[in-house]
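Right, one structure below, let's go through it.
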Amino acid sequence: MAFTAELRCMAVRDHGRWPLAQAIYRCPTCDSLLDVVHDMDALRTRSAADWKALFEARWRSPEEPYASGVWGKHEWVAPGVARANIVTAGEGATHLMPVPRLARELGLGDVRVKQCGTSHTGSFKDLGMTVLVSMVAQMIADGRPVRAVACASTGDTSAALAAYAAAANIPAVVILPRGKISTAQLVQPLASGALVLALDTDFDGCMTIVQQLAAQDGVYLANSMNALRLEGQKTVAIEMCQQLGWRVPDWVVIPGGNLGNVSALAAGFEMLRALGLTDVLPRICVAQTAHAGPLATSYDASWAPLVAVAAKTTLASAIQIGNPVSFPRAVRALRATDGVAVSVTEAELADAAAAADLGGLFTCPHTGVALAALGKLAARGLVRREHQVIVVSTASGLKFADFKVGYHEGRLADVPHPVHRNRPLELAATYDAVRRALDARLPP
Ligand SMILES: *Cc1c(COP(=O)(O)O)cnc(C)c1O
Ligand SMILES: [Zn+2]
């Protein structure tokens, strides 16, 4: 049985159908975003039990490309990409980490963190980028040259694109807001040899320009408005259920910026249900910062239309986005899952990240946003002790060392009183001084 997928208009399915290998990002008739639509009847020729067994057999397999959690789900993701053209760095198949200390503090029961930042370039962006770059490699192998792949980025997208493009020997162009991303995030695409363009604007300004380049200059657009990215990212939902023994969590909390990831998450849960591997959907919470929260604003006004804002500086720099491209997809996702959107302050996200670290994590600020939002849902009684909860961690804390250092040194903007601050004790180099310090601070 041949499995196939195609691009369709997200608003009106009959506006057209396009192959996944076509460089098209919006519907030519109505300008809506596109969805990847799989031939579900073909996928149904295999039973739910057979799919589960297949996915389990491939989990962290030594056989390439199945070391990758994404390509372990090849048929559900991009069936048209031949194995020979897959560009993978073993992304996905990440740990679903129980965090009992944190759960207790929030008055909750079973809380786990999906560690999507434990990945090749340190963020979940690898999950989408392996699919997109593999498809470009497929296009090139089919005799359709691509001049370059390009993206606008708040940091992590460019790191992932540059690394995967370098592995495939495809030129990459990344467009960044100058001075608005972390040092680690800037150096990653530089190290990968990408053409890095730092512009005096914000992410939304970069996004406008890269869309023009894609329309007029023969470069292939690698932002998440490109539906291929979401196909890889949706495997996070499949992994979560697989890791829970094919159960669906009650709640998933995920930080949102351009809102591609929440759209992908919901699509993954819907596909699992449509193919009979699960029978319910979780409730999804999108967490944003008060400095860049247009989805939360819309939600609070009963899903009012998007009001694009100029996003203010936030510690959660990867979600400093005021005009999210996937807004319509995200509203669809939250409506389908009885979802909510919550916004948090800078101090709340920083303290939540630090509290999680005290439970053994090392969380990026965006994961802090999700954790702070979970705290609010718990306080409101919306998430309760009997609920199984998953928080999506989107990046490695190691990419945000400035945030971590700044917190513990007490010099983060808008975080005047870091609750969990921890400082080194500077002591005389004597046994006595060290012993006295221990006696003063440790149980006997
Ligand atoms: C990209 C990114 C997000 C936001 O994902 P969207 O799909 O833009 O909503 C959150 N956290 C991190 C670390 C990211 O890199
Ligand atoms: Zn259309």
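The values are calculated or read from the model by the stated rules, or taken from the named source; none is laboratory data. On a predicted model such as this, the values are computed, not experimentally measured, just so you know. Ideal geometry is used to build each Cβ from the backbone, glycine not excepted, and the neighbour counts take in all protein chains shown.
Modelled with pLDDT of 95 or more and under 17 Å from the mean Cα position of the chain (by Cα), is that true of Leu272? So Leu272 does not fit the description; no. Where helices (runs of 4 or more DSSP H) sit wholly within the stretch 271-389, those with at least 3 residues that are closer than 29 Å to His408 by Cα and not aliphatic (A, V, I, L, M) occupy 346-358, 365-379. Please count how many residues of the stretch 96-122 are away from ligand 1 (no atom under 11 Å from the Cβ) and within 19 Å of the chain's Cα centre (by Cα). Looking only at that region, the number is 9.
Looking across Ser68, Ser134, Ser47, one residue alone is touching a Gly at 6+ places or on another chain (Cβ under 7 Å), among the polar types (S, T, N, Q) and either farther than 30 Å from Leu195 by Cβ or modelled with pLDDT of 95 or more (or both). It is Ser68. Contact annotation: no residue pair with Cβ atoms under 7 Å, 6 or more positions apart or on different chains, pairs a residue in the stretch 108-125 that is under 16 Å from Arg384 (Cβ atoms) with a partner that is charged (D, E, K, R) and within 12 Å of ligand 1 (Cβ to nearest atom).
Considering the conditions (1) crowded, with 24+ Cβ neighbours inside 10 Å; (2) modelled with pLDDT of 95 or more, Leu277 is excluded by exactly one of them, (1).
Kindly indicate which of Ala11, Ala23, Ala2 is in a loop (DSSP other than H, G, I, E, B) and either within 9 Å of ligand 2 (Cβ to nearest atom) or touching a Cys at 6+ places or on another chain (Cβ under 7 Å) (or both). Break it down into steps so the answer makes sense when it comes.
Details: Ala23 fails: either within 9 Å of ligand 2 (Cβ to nearest atom) or touching a Cys at 6+ places or on another chain (Cβ under 7 Å) (or both); Ala2 fails: either within 9 Å of ligand 2 (Cβ to nearest atom) or touching a Cys at 6+ places or on another chain (Cβ under 7 Å) (or both).
Every option except Ala11 fails the conditions.
Residues in the stretch 35-48 include at least one that is among the hydrophobic types (A, V, I, L, M, F, W, C), within 29 Å of Gln211 (Cβ to Cβ) and either touching a helix residue (DSSP H, G or I) at 6+ places or on another chain (Cβ under 8 Å) or within 16 Å of ligand 2 (Cβ to nearest atom) (or both). Filtered by the rule that a residue be within 22 Å of the chain's Cα centre (by Cα) and either within 16 Å of ligand 1 (Cβ to nearest atom) or assigned to a loop (DSSP other than H, G, I, E, B) (or both), the stretch 35-47 gives Asp35, Val36.
Anything in the stretch 154-176 that is part of a loop (DSSP other than H, G, I, E, B), in contact (Cβ under 8 Å) with a residue 24 or more places away in the chain and either of a type outside the set (S, T, N, Q) or more than 15 Å from ligand 1 (Cβ to nearest atom) (or both)? List them, or say none.
Start the filter on the stretch 154-176 by keeping residues that are part of a loop (DSSP other than H, G, I, E, B), which leaves 154-155, 169-171.
Now drop any that are not in contact (Cβ under 8 Å) with a residue 24 or more places away in the chain, which leaves 154-155, 170-171.
Once the filter is applied, which keeps residues that are part of a loop (DSSP other than H, G, I, E, B), in contact (Cβ under 8 Å) with a residue 24 or more places away in the chain and either of a type outside the set (S, T, N, Q) or more than 15 Å from ligand 1 (Cβ to nearest atom) (or both), the stretch 154-176 yields Gly155, Ile170, Pro171.
Per-residue answers, yes or no, for (1) surrounded by fewer than 24 Cβ atoms within 10 Å (Cβ to Cβ); (2) out of contact with any helix residue (DSSP H, G or I) (no Cβ under 8 Å at 6 or more places or on another chain):
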{"residue": "Ala194", "(1), (2)": "no, no"}
{"residue": "Asp202", "(1), (2)": "yes, yes"}
{"residue": "Gly218", "(1), (2)": "yes, yes"}
{"residue": "Leu221", "(1), (2)": "yes, no"}
{"residue": "Thr235", "(1), (2)": "no, no"}
{"residue": "Leu244", "(1), (2)": "yes, yes"}
{"residue": "Pro255", "(1), (2)": "no, no"}
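Being touching a residue at least 60 places away in the same chain (Cβ under 8 Å) and among the acidic types (Asp, Glu) holds for only one residue in Asp432, Asp351, and it is Asp351. Given the conditions (1) touching a His at 6+ places or on another chain (Cβ under 6 Å); (2) exposed (fewer than 13 other Cβ atoms within 10 Å of the Cβ), which single one is not true for Glu409? Answer for Glu409: the failing condition is (1). If only residues of the stretch 123-153 that are crowded, with 24+ Cβ neighbours inside 10 Å and either of a type outside the set (A, V, I, L, M, F, W, C) or in a loop (DSSP other than H, G, I, E, B) (or both) are counted, the one that is farthest from ligand 1 (Cβ to nearest atom) is Ser134.
Per-residue answers, yes or no, for (1) at pLDDT 95 or above; (2) within 24 Å of the chain's Cα centre (by Cα); (3) surrounded by fewer than 24 Cβ atoms within 10 Å (Cβ to Cβ):
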{"site": "Ala350", "(1), (2), (3)": "yes, yes, no"}
{"site": "Cys364", "(1), (2), (3)": "yes, yes, no"}
{"site": "Ala379", "(1), (2), (3)": "yes, no, yes"}
{"site": "Phe400", "(1), (2), (3)": "no, yes, no"}
{"site": "His417", "(1), (2), (3)": "yes, no, yes"}
{"site": "His420", "(1), (2), (3)": "yes, no, yes"}
{"site": "Leu438", "(1), (2), (3)": "yes, no, yes"}
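Filtered by the rule that a residue be surrounded by fewer than 16 Cβ atoms within 10 Å (Cβ to Cβ) and of a type in the set (Val, Ile, Thr), the stretch 164-183 gives a lone residue, Thr183.
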